[in-house]
């Protein structure tokens with residue numbers, strides 16, 4: 001693929017990542033999967049996932065930096081979710097690198113995941129009764145229960161990250177917002193910082209894995225299951241796009257954000273299913 005097209009794609013994906021707080025994996029994974037499949041890569045799934053996780057790391061790092069500059073960073077919650085997510089990545093990777101995880105399983109799984117997430121994001125979000133509650137005045141029991149839910153959310157996000165090449169935000173944001181009552185703006189910020197840890201862990205694990213010899217010869221400028229020629233132009237522009245997306249997201253209403261993400265996931269799901277037809 002032309003480097004200019006890859007750069008433009010990275011910019012747009014970065015904007016989406018910052019706007020929705022998702023890391024950008026829902027765009028990176030299908031695009032890379034189609035790219036590697038068309039290039040004749042024998043096992044395109046782990047290549048798409050590994051390369052996607054690296055670009056997701058870049059996008060989430062940019063988004064988190066913008067959240068920090070805007071004084072909208074919840075470091076404690078983000079770190080908690082991210083650490084548990086790193087464990088989820090390891091579990092998911094065992095399935096992804098298994099010969100049983102074929103394209104006939106991966107494509108429907110990814111499409112169904114996008115459809116479910118689209119519904120969740122379109123549902124009426126719940127708001128915290130007091131978004132600015134100071135953690136120090138919460139009871140120990142309530143704080144412990146909240147931490148447990150956050151940890152479970154991170155584990156699921158990390159697991160899905162390894163299976164679908166996403167940062168996990170597509171699951172973590174609606175789970176925090178709908179199931180735990182975390183305000184959407186806060187959930188997006190927590191997700192962005194957690195994805196930094198989740199995607200970095202995932203990219204590192206796929207970089208250290210040993211790919212099939214035929215694929216390694218075809219994609220010579222690579223490390224493990226990460227193709228450098230693909231990720232570099234995408235990552236650079238993704239960093240820029242992430243900052244733009246965060247700023248745009250602050251101006252959008254909750255309903256616009258939810259509807260926009262629902263439409264985006266439906267388009268991605270239909271595109272993936274078309275690969276089987």
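The values are calculated or read from the model by the stated rules, or taken from the named source; none is laboratory data. Predicted, not measured: the structure shown is a model, and the values here were computed from it. Every residue, glycine among them, receives a Cβ derived from its backbone with ideal geometry; neighbour counts consider all protein chains shown.
Annotation: residue 19 fulfils all but one of (1) more than 25 Å from residue 224 (Cβ to Cβ); (2) in a loop (DSSP other than H, G, I, E, B); the unmet one is (2).
Checked against the criteria, residue 61 counts as within 14 Å of the chain's Cα centre (by Cα) and over 22 Å from residue 265 (Cβ atoms). The set of residues in the range 37-51 being in a helix (DSSP H, G or I) and either at pLDDT 90 or above or within 16 Å of residue 100 (Cα to Cα) (or both) consists of 44, 45, 46, 47, 48, 49, 50, 51.
Residue-wise test of (1) touching a strand residue (DSSP E or B) at 6+ places or on another chain (Cβ under 8 Å); (2) surrounded by fewer than 21 Cβ atoms within 10 Å (Cβ to Cβ); (3) closer than 21 Å to residue 38 by Cα; (4) modelled with pLDDT of 85 or more.
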residue	(1), (2), (3), (4)
174	no, no, no, no
177	no, no, no, no
189	no, no, no, no
192	no, no, no, no
205	no, no, no, yes
259	no, yes, no, no
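Of all the listed residues (274, 235), the sole one being more than 19 Å from the chain's Cα centre (by Cα), under 15 Å from residue 31 (Cβ atoms) and at pLDDT 80 or above is 274. Of the residues 169, 224, the single one that is buried (at least 16 other Cβ atoms within 10 Å of the Cβ), over 16 Å from the mean Cα position of the chain (by Cα) and within 29 Å of residue 4 (Cβ to Cβ) is 224. Restricting 59, 79 to those that are surrounded by fewer than 21 Cβ atoms within 10 Å (Cβ to Cβ) and modelled with pLDDT of 75 or more reduces the list to 79. Looking only at the range 107-146, residues that are touching a helix residue (DSSP H, G or I) at 6+ places or on another chain (Cβ under 6 Å), part of a helix (DSSP H, G or I) and at pLDDT below 80 come to 5 in all. Among the residues of the range 220-277, those identified as farther than 14 Å from residue 18 by Cα, touching a helix residue (DSSP H, G or I) at 6+ places or on another chain (Cβ under 9 Å) and not in a helix (DSSP H, G or I) are 220, 221, 222, 223, 224, 225, 226, 227, 275, 276.
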